[in-house]
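The values are calculated or read from the model by the stated rules, or taken from the named source; none is laboratory data. As the structure is a prediction and not an experimental result, all values here were calculated from the model. Cβ placement follows ideal geometry from the backbone for every residue including glycine, while neighbour counts extend to all protein chains displayed.
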Amino acid sequence: MNCAFITGITGQDGSYLAEFLLDQGYEVVGMVRRSSTVNFERINHIQDRVTLVSGDLLDEVSLISILREYRPQEVYNLAAQSFVQTSWVQPVFTGEVTALGVTRLLDAIRTVDPTIRFYQASSSEMFGKVLEVPQTETTPFYPRSPYGVAKVYGHWITVNYRESYGLHATSGILFNHESPRRGFEFVTRKISSHAARIKLGLAHELRLGNLESRRDWGYAPDYVRAMWLMLQQEAPGDYVVATGETHSVRDFVELAFDHVGLDYRQFVVQDERFMRPAEVDLLVGDCRKARDALGWQPEVTFEELVRRMVDADLRGFGERV
Ligand code: NAP
Ligand code: F7E
């Protein structure tokens with residue numbers, strides 16, 4: 001039985017990837033950080049089928065011990081301080097986890113078993129103030145936040161370990177992907193949860209920052225499939241994963257509120273607190289390489305994504321009314 005090790009298993013992507021790998025017959029080992037309260041909400045339903053081990057990207061000893069004990073063939077590095085806004089408030093911490101954490105894990109792999117296949121969760125935030133539209137694997141990076149800068153480091157150290165030590169180290173440059181399991185601080189879930197709560201009489205307004213920024217939003221379960229496909233390739237590489245469509249935050253709000261029969265203009269309030277010191281105005285990816293080399297394509301449309309998120313929140317909050 002193949003064994004896969006996932007960092008960030010308690011996160012949105014980690015939970016979907018764990019489910020996907022279990023379905024493929026893998027033994028799944030997931031790393032969790034020690035905390036005073038348990039935050040296994042996203043993996044409760046599979047907890048008895050995965051092995052959870054304690055460790056941290058800040059602590060290389062824990063990474064080496066886990067690799068030595070479980071001997072995985074595939075490692076998926078999904079752990080990160082992943083919220084862009086927080087990266088301005090905690091820039092050094094973001095660099096420690098999201099940038100240097102990648103080196104710690106790559107070096108642990110090099111030390112324990114250099115035949116391990118490695119996936120790095122790179123991000124479209126690396127393109128930032130975009131130098132080309134649409135963005136591809138060869139578009140130059142121009143990150144606009146400490147998070148984006150940290151991800152550029154993580155990307156290049158992955159390429160460097162591939163070239164320096166011959167590791168099967170792959171970087172998936174994933175554009176925004178969302179789901180009912182998305183954290184509430186990200187704009188899509190903030191919108192879907194507020195649309196549902198306002199509809200149910202649990203809230204009366206939605207405070208947002210920049211409504212005009214545009215993102216290429218896909219569906220998270222589609223994207224974890226691409227991660228796995230990348231590690232099944234003979235050679236490592238870099239792949240853009242995206243839908244090729246771009247929509248504004250305003251489009252997302254309008255669709256979400258329409259879906260519950262409300263006019264968003266009556267509820268949305270613009271609030272300076274949610275504006276960013278430097279914004280990424282437009283992202284749209286060209287995933288031709290992933291389509292041709294991996295046979296990957298997204299299955300859930302933007303409209304369906306919005307509906308699924310709002311419906312899930314209507315059910316979730318509805319149970320509490
Ligand atoms: P997420 O929901 O924020 O999950 C992040 C995970 O990282 C959580 O499990 C978290 O654990 C863990 N983590 C944070 N700091 C850690 C540390 N020091 N040591 C060990 N684990 C730590 O993120 P996501 O949306 O699933 O994204 C997964 C990865 O893809 C991230 O690297 C993200 O930056 C990247 N990415 C995401 C997107 C997207 O649109 N979702 C797009 C491109 C790239 P706790 O539960 O303990 O906090
Ligand atoms: O912001 C605007 C905000 O926080 C999207 C992470 O997964 O994807 C994510 O990063 C847009 C930005 O995601 C609010 O200014 C307006 O333009 O949902 P977000 P993100 O910053 O794109 C990338 C690919 C990652 O790698 C990251 O890990 O929405 N926006 N008003 C707002 N955003 C938030 N969060 N809250 C607002 O009130």
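Figures for the structure shown
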{"item": "Yes/no for residue 62 being within 13 Å of ligand 1 (Cβ to nearest atom), surrounded by 14 or more Cβ atoms within 10 Å (Cβ to Cβ), among the hydroxyl-bearing types (Ser, Thr, Tyr) and farther than 25 Å from residue 226 by Cα", "result": "yes"}
{"item": "Restricting region 182-227 to residues that are without any contact (Cβ under 8 Å) to a residue 60 or more places away in the chain and under 19 Å from the mean Cα position of the chain (by Cα), the residue that is farthest from ligand 1 (Cβ to nearest atom)", "result": "190"}
{"item": "Some residue of region 103-122 being basic (Lys, Arg), crowded, with 19+ Cβ neighbours inside 10 Å and touching a strand residue (DSSP E or B) at 6+ places or on another chain (Cβ under 7 Å)", "result": "yes"}
{"item": "Hits in region 234-274 (condition: of a type in the set (Val, Ile, Thr), in contact with a helix residue (DSSP H, G or I) (Cβ under 8 Å, 6 or more places away or on another chain) and either surrounded by fewer than 19 Cβ atoms within 10 Å (Cβ to Cβ) or under 21 Å from residue 189 (Cβ atoms) (or both))", "result": "241, 243, 249, 253, 260, 268"}
{"item": "Residues located in region 120-139, provided they are within 10 Å of ligand 1 (Cβ to nearest atom) and not charged (D, E, K, R)", "result": "120, 121, 122, 123, 124, 126"}
{"item": "Identity of the residue in region 61-79, closer than 22 Å to residue 20 by Cα and in contact with a Lys or Arg (Cβ under 8 Å, 6 or more places away or on another chain), that ends up nearest to ligand 2 (Cβ to nearest atom)", "result": "75"}
{"item": "Sole residue being of a type in the set (D, E, K, R) and in a loop (DSSP other than H, G, I, E, B), chosen from 234, 254", "result": "234"}
{"item": "Complete set of residues in region 123-145 that are of a type outside the set (Asp, Glu), closer than 18 Å to residue 93 by Cβ and crowded, with 24+ Cβ neighbours inside 10 Å", "result": "123"}
{"item": "Yes/no for residue 239 being within 16 Å of ligand 1 (Cβ to nearest atom), out of contact with any strand residue (DSSP E or B) (no Cβ under 7 Å at 6 or more places or on another chain) and either closer than 23 Å to residue 281 by Cα or modelled with pLDDT of 95 or more (or both)", "result": "no"}
{"item": "Output for region 2-60, where each listed residue is away from ligand 2 (no atom under 16 Å from the Cβ), touching a residue at least 24 places away in the same chain (Cβ under 8 Å) and among the hydroxyl-bearing types (Ser, Thr, Tyr)", "result": "26, 51"}
{"item": "Region 96-153, residues that are in a helix (DSSP H, G or I) and more than 15 Å from ligand 2 (Cβ to nearest atom)", "result": "96, 100, 103, 104, 105, 106, 107, 108, 109, 110, 111, 112"}
{"item": "Looking only at region 228-253, and only at residues there that are over 29 Å from residue 265 (Cα atoms) and over 19 Å from the mean Cα position of the chain (by Cα), the one that is nearest to ligand 2 (Cβ to nearest atom)", "result": "236"}
{"item": "Filtered residue count, region 65-84, keeping only those that are in a helix (DSSP H, G or I), crowded, with 18+ Cβ neighbours inside 10 Å and more than 10 Å from ligand 1 (Cβ to nearest atom)", "result": "2"}
{"item": "Which listed residue is under 30 Å from residue 307 (Cα atoms), at pLDDT 95 or above and hydrophobic (A, V, I, L, M, F, W, C), from 133, 149", "result": "133"}
